[in-house]
1. Put a dot 7 Å past each Cα toward the Cβ at Arg78 and Trp135; how far apart are the dots in nm?
2. In straight Cα distance, which aspartates and glutamates are under 17 Å from Lys171, not counting same-chain residues fewer than 8 positions off?
3. Could you state, as a whole-number percent, how many of the C-alpha pairs of region 1-94 are farther apart than 17 Å?
4. Stretched out fully, how many nm does the piece from Thr104 to Ala232 gain, at 0.36 nm a residue minus the Cα gap?
5. In terms of Cα to Cα distance under 15 Å, which aspartates and glutamates are near enough to Lys157, apart from those fewer than 8 places away along the same chain?
6. Tell me the carbon and sulfur percent of the accessible area for region 58-174, rounded to whole percent, probe radius 1.4 Å.
7. Mean residue ellipticity at 222 nm from the helices of the chain, using -39,500 (n - 2.57) per DSSP H segment of n ≥ 4 over the full residue count, to the nearest 500 deg cm²/dmol?
8. I need the phi-derived Karplus couplings for region 163-178: 6.51 cos²θ - 1.76 cosθ + 1.60, θ = phi - 60°, integer Hz, Gly and Pro marked x.
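The values are calculated or read from the model by the stated rules, or taken from the named source; none is laboratory data. Keep in mind it's a predicted model, so treat the numbers as computed, not measured. Don't worry about glycine lacking a Cβ; one is built from the backbone with ideal geometry, like all the others, and counts go over all protein chains shown. Side chains included, ligands, DNA and RNA excluded: accessible areas come from the protein's heavy atoms. Shrake-Rupley method; radii C 1.70, N 1.55, O 1.52, S 1.80 Å.
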Amino acid sequence: MKTPCPHPTKSRYATLEAANKAAHRVTHQAGLPLRPYECPCSWWHLTKTPAPAALPAASDATLADIQRLASLPDIDFRNIVAADARGEGKPGDRGALRAPQILTRWKRCLGQLHKDLNDQFQENRGNPSLLAEDWRKRATSYRETLALRLSESRRLKAEAHAEMVRNQEYKKHDAEVAAAAGATVQELRAHAGEVAKERLINAHQAEFRRYLADAYADLGISLPARIRRRIAESASEVLTEGQAS
Ligand SMILES: [Zn+2]
């Protein structure tokens, strides 16, 4: 599965961070603007060619895109994966491949495409014809792209996993806090909402009573005496303030 490096003489860096640091240093010292790029050999190198267009992201896909891809037959799914590797396809499809629900299937399909291509290389190995030579040239760059997509899918899977672990930790922590308070998390959340609402009402009492009066009027029922009194009070407060000045 390891792809040989097309540029074995280049300096290699294990992480994007390390490559970024090196790029920064070289750019500074030699005045040569370099940027890191991920190589199919799984290391990072530096290059002076400008960055290619940004990769699609899961946020490019709607829930409908994700559900459609999840239910696609393998052959159609494979076509979308291959198109994406060539930099083609609808943004929704390409984004959906990177959604946590689809990542595993995408990664498995990429692995299959990569393996199939390697098998074809094996079959083609001894073939000296120009046609075979031409095929090898095109297939080599496609194989490199597949290797890149594979490492992208692995990275996204690791990120999705870390996010899931984080959410589980939050959940566990919240459950502990709630248990200590003798309540459920649901109850604490509802309580937080009540507290915030209370503060909002207190900060804007006159406005709240106006909305309340509107809502009563819309429903066609009469205001309770207590609220009617408060509205009259604030109206007269406004009046006396006006007279005092
Ligand atoms: Zn390389």
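1. 1.7
2. Glu163, Glu187
3. Details: 2787 of 4371 pairs.
Here the long-distance tail beyond 17 Å is 64 percent of all Cα pairs in region 1-94.
4. Numbers: separation 128, 0.36 × 128 = 46.08 nm, distance 6.50 nm.
Full-extension gain reported as 39.6 nm.
5. none
6. So the carbon and sulfur contribution to the accessible surface is 54 percent.
7. Numbers: 9 runs with 169 residues, N = 245.
Computed ellipticity for the chain at 222 nm equals -23500 deg cm²/dmol.
8. With coefficients 6.51, -1.76 and 1.60, one gets 5, 5, 4, 4, 4, 5, 5, 4, 4, 5, 4, 4, 5, 5, 4, 5 Hz.
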